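Data block below; observations after.
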Amino acid sequence: MHPILAIVFLPLLAAIIGGLTNKAAPAVFTKSITTGALFISAALSWPIFLGFVAGTVEPQVVPVLQWVQSGTLSFDWSLRIDALTAVMLVVINTVSALVHLYSWGYMEEDPDQPRFFAYLSLFTFAMLMLVTADNLVQMFFGWEGVGLASYLLIGFWFKKPSANAAAIKAFVVNRVGDLGFMLGIFGTFLVFGTVSIPEILEAAPAMSGSDITFLGMRLYTMDILCILLFIGAMGKSAQLGLHTWLPDAMEGPTPVSALIHAATMVTAGVFMVCRLSPMFETAPTALMIVTFIGAATCFFAATIGTTQWDIKRVIAYSTCSQLGYMFFAAGVGAYGAAMFHLFTHAFFKALLFLGAGSVIHAMHHEQDMRYYGGLRKKIPITFWAMMAGTLAITGVGVLGFFGFAGFYSKDAILEAAFARGTNMSMFAFWMGAIAALLTSFYSWRLMFLTFWGKPRWIESEHIQHSVHKTPEEAGEDTTGGYHPHESPITMLIPLGVLTLGAIFAGYLFKYPFIDGSSEMVDPNGFWGASIYFNENLIHALHDVPLWVKLTATVVMLLGLFGAWLAYIKDTSIPGKFVEQFSLVHRFVYNKWYFDELYNTIFIKPAFWIGRLFWTRGDIGIIDRFGPNGAAWIVERGVGAAKRVQSGYLTSYALIMLLGLVAAITWILM
């Protein structure tokens, strides 16, 4: 059996076993089956990835079964293995395996653990189906599968109204994006006559410059197709306009946040654009839109992250911002840099989410950073793990020597945007630079509020009222009788592994990802034909001026200094700033009022139309003249029949006589 079959189908098998046994078997059984399956998949994924890095593994397609034969539409269920797939396999399976292990400790007290672990494995299988797809329909199958699984995971605590609302919101917003994705798939089949990805990419260059009638207008064919496909990516990867579901998705358990929003579902859109990169390269207008949306999202989400108090929401908006980097990298043609940032981001963002979960666990489920403080000595392992994640996301490093993961991938994206040299790419460069400054600020703000300063959990009624300690248990404790505590070993091991990724992932893999080939072996390049590789852009990227190379480091230091000044040196500065710029702060704190805007122009009209059809249409017309009208006629008829049915023989004889007379009269007349 080919290893890819085990990699893909072991999580599905584990999900089925976990789902069917549920509470019929001990929770440890389901946890062991699902976690073991994911660790096996992860262990099998790394040799494939390293084989592509070393140039010892060749791309191949592994058939599973014949799927659809309908007229001119014909495709099989096959698993494609190339460098792009290999990157996603290690990202998905490694993070998912660690999240499974982490959940042993985090979800220990939850009575529905078997269901949770089954959902996690189902989600992983759907994502693996997406990234191994050899045709667009199979990709769409995985695309919708992760949408379903994310709905189940975000709303896992279904007795919590806010979790249900967040799950529905994620599902509905993604359906909007998925409509664009479906139209893109339909249009692609219409134009190319196939849904096979290799065949489409091979034929795409010949379609450059061709036009098509769309909505009564003659437009460039490839631009229309790629824009529609990108709308799907906007929904799945939470880009500006279809981003509103991502922060609310924090209502799910923290391991869900790490799995969905760090390494898997939200990166599906980036993967899709890179997979279809030869197609996007024939659509210059679509690439401009990708660049603009990515750059705008990068800046927009970073501004909001500077004002939030919920530790998970800060990291959620950080995810949204980092995805913007990946998209504008793809928009300027640096697909390798986009995938490199996806790869490094998976490690340090999963680390930050799981680290935040460890903090929340230590603080008895308190998520407001205003009630943290002074935790670095109470939970030192979590502190150092999150420190590594913060150094990685802010891009700390020394040029030409060593840097954390984000130092290489984020800098490569900014350099590629500058090297591209177009007006839109320069816009992306400056938006990315400003976002890097804001990223440094809100990341260090999170660290300072959480781990430095005086302990503020004594002021949190939620923590103190939820902890019942006797005076003897509290002893001479001066913090209200509650001590923050380090997480169990099952939560700390994943933090340790991800810390290594946050430190070394960028340094070890910068050459194959950015330059496209390993200096050690493969002259044909790491990426091969899996993405469009622009050699001229890569050469230009390495030759940008020194000030461009130093930009990310300078803005990182400015952000660090600003956060230190406001949250360590003089803690009155944030309050003074809010007072001085209250309108700006309110606008940013309320997420640029996107939710309120959508509520006004979409939600309220939709509810009004729904109520109109319900009260006037359904109740007022259909029910009134349909079932209710028929019931009224039957009721009146029954009343009349009851009067006739008196029970007296003489009455029946009289009615029969009258009927006979009427019949004879009618015949005679």
(request) Please name which of G516, F581, T390 has its Cα lying farthest along the dipole of the chain towards the positive end, using unit charges on Cβ (Lys, Arg +1; Asp, Glu -1) and the Cα centre as origin. (result) F581
(request) Please work out how much length the chain gains when fully extended from L5 to T422, using 0.36 nm per residue of separation minus the C-alpha to C-alpha distance, in nm with one decimal. (result) 145.7 nm
(request) Any chance you could give the angle, 0 to 90 degrees and rounded to 10, that helix 3-21 forms with the longest Cα principal axis of the chain? (result) 50 degrees
(message) Under the rule of at least 5 residues apart or a separate chain, name every residue whose amide H is placed under 5 Å from the amide H of S74.
(response) V195
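Run the numbers for W632 and V172: contour at 0.36 nm per residue of separation, minus the present Cα-Cα distance, in nm.
161.6 nm
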(request) Would you pull out the residues with amide H under 5 Å of G453's amide H, same chain only if 5 or more places away, H placed 1.01 Å from N? (result) G374
(message) Show me, for segment 556-569, the HN-Hα J-couplings you get by feeding each phi into the Karplus relation (A = 6.51, B = -1.76, C = 1.60, θ = phi - 60°), rounded to Hz, glycine and proline as x.
(response) 4, 5, 5, x, 4, 5, x, 5, 5, 4, 7, 10, 10, 5
(request) Under 1.5 on a/c is rounded, so check that first for segment 349-424, then, if it is not, pick prolate when a/b is larger than b/c and oblate when it is not; a ≥ b ≥ c are the square roots of the alpha carbon gyration tensor eigenvalues. (result) prolate
(request) Counting only C-alpha contacts under 8 Å and six or more residues apart, can you give the relative contact order of segment 366-434 as a whole percent? (result) 16 percent
(request) Please give, to one decimal in nm, the separation of the simple spin-label points placed at S74 and E202, each 7 Å out from Cα toward the Cβ. (result) 1.5 nm
(message) At 222 nm, what value in deg cm²/dmol follows for the chain if DSSP H runs of at least 4 each add -39500 (n - 2.57) and the sum is divided by all its residues, to the nearest 500?
(response) -21500 deg cm²/dmol
(request) Calculate one ³J(HN,Hα) per residue across segment 414-421 by plugging θ = phi - 60° into the Karplus curve 6.51 cos²θ - 1.76 cosθ + 1.60, and present them in order as whole Hz with x for glycine and proline. (result) 5, 5, 5, 4, 5, 5, 4, x
(request) Amide H neighbours of L240 under 5 Å, at least 5 residues apart or on other chains, H built in the peptide plane: list them. (result) T297
(request) With a Förster radius of 22 Å, plug the Cβ-Cβ distance of L500 and K377 into 1/(1 + (r/R0)^6) and report the FRET value to the nearest 0.05. (result) 0.40
(message) Spelling out what I want: for every residue of segment 279-295, take phi, set θ = phi - 60°, compute 6.51 cos²θ - 1.76 cosθ + 1.60 (Karplus), and round to whole Hz; glycine and proline get x.
(response) 6, 5, 5, 8, 10, x, 5, 4, 5, 4, 5, 4, 5, 5, 4, x, 5
(request) Tell me which label goes with the value of volume of the Cα convex hull per residue in Å³ computed from the coordinates here: [x] 344; [y] 264; [z] 158. (result) [y]
(message) At 0.36 nm per residue, and after removing the present C-alpha to C-alpha distance, how many nm does the segment from L557 to M387 gain when stretched out fully?
(response) 59.7 nm
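Computed from the coordinates by the stated procedures, all read-outs in this text should not be read as laboratory data. For clarity, every value in this text was computed on a predicted model and none was experimentally measured. Please note: Cβ atoms are built from the backbone with ideal geometry, for glycine as well, and neighbour counts cover all protein chains shown.
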